[in-house]
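Read-outs throughout are calculated quantities, based only on the coordinates presented, and are distinct from any laboratory measurement. Everything quoted here is computed from the prediction, not taken from an experiment. Heads up, the Cβs are rebuilt from the backbone with ideal geometry, glycines too, and the neighbour counts pull from every protein chain shown.
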Amino acid sequence: MLFLVYTGNSIARVFFVSAATFGALSLYGYTTKRDLSAMGSFLMMGLFGLIIASLVNVFLASSAMEFVITLAGVLIFAGLTAWDTQKLKSMYLGGFGSREEGDKLAIYGALDLYMDFINLFIFMLRMLGDRR
């Protein structure tokens with residue numbers, strides 16, 4: 001579906017920009033000494049607000065509101081990437097009760113970061129992508 005809306009060069013360019021951004025934010029979340037847990041609850045509230053604003057914009061069809069939603073989406077998922085990475089690091093350092101629990105946390109963490117990357121890529125594509 002993305003290939004029907006955006007040019008191939010645009011998708012490739014935004015993918016590499018998104019991958020570099022994701023990598024840098026994940027590295028920041030892993031190495032920072034700052035506690036990002038307070039930021040996480042703020043970002044989750046922002047995510048719910050983003051969903052509500054997107055639903056409202058389906059009916060309003062405002063291009064200005066779409067731009068604000070896209071910009072907010074990039075910022076929210078950028079922050080969630082750093083927060084989720086730090087959360088996973090603290091879970092790993094805290095240890096696991098059992099091997100099964102560790103496996104479940106690894107799968108949950110991978111899915112969490114995957115969703116952060118996909119959403120970051122889609123919002124960046126909406127902002128930076130060249131449409132056909």
Open item on the list: Under 10 Å, Cα contacts only: if you run a Gaussian network model on the chain, which one of Val14, Val74, Val58 comes out with the highest mean-square fluctuation?
Closed with: Val58
- [ ] Could you pull out which residues in segment 100-118 have an amide N less than 15 Å from a spot 7 Å beyond the Cα of Val5, following the Cα-Cβ vector?
- [x] 118
Open item on the list: Please give the Cα centre distance for segment 11-32 versus segment 84-115, rounded to the nearest Å.
Closed with: 20
- [ ] May I ask you to derive the FRET efficiency for Ala20 and Glu100 from their Cβ-Cβ distance with R0 = 41 Å, giving the value to the nearest 0.05?
- [x] 0.70
Task: Set of aspartates and glutamates with alpha-carbon distance to Lys104 below 15 Å, sequence-local pairs under 8 removed - done: Asp112
Open item on the list: Compute a Gaussian network model of the chain, connecting alpha carbons closer than 10 Å, and tell me which residue from Ile69, Ile11, Ile52 fluctuates the most.
Closed with: Ile52
Task: Rough spin-label spacing in nm, given labels placed 7 Å along Cα→Cβ, for Met39 and Ser63 - done: 3.4
TODO: Step through the residues of segment 24-30 one at a time and calculate ³J(HN,Hα) from phi using the Karplus curve (6.51 cos²θ - 1.76 cosθ + 1.60, θ = phi - 60°), rounding each to whole Hz and writing x for Gly and Pro.
DONE: 5, 5, 5, 5, 4, x, 6
- [ ] Would you look at the GNM of the chain, springs on alpha carbons closer than 10 Å, and say which of Arg13, Arg99, Arg34 moves the most?
- [x] Arg99
- [ ] Fewest Cβ neighbours within 10 Å first, please rank Asp116, Asp130 accordingly.
- [x] Asp130, Asp116
Open item on the list: Pairs of alpha-carbon atoms within less than 8 angstrom and 6+ residues apart define the contacts here; what relative contact order does the chain have, in percent?
Closed with: 47
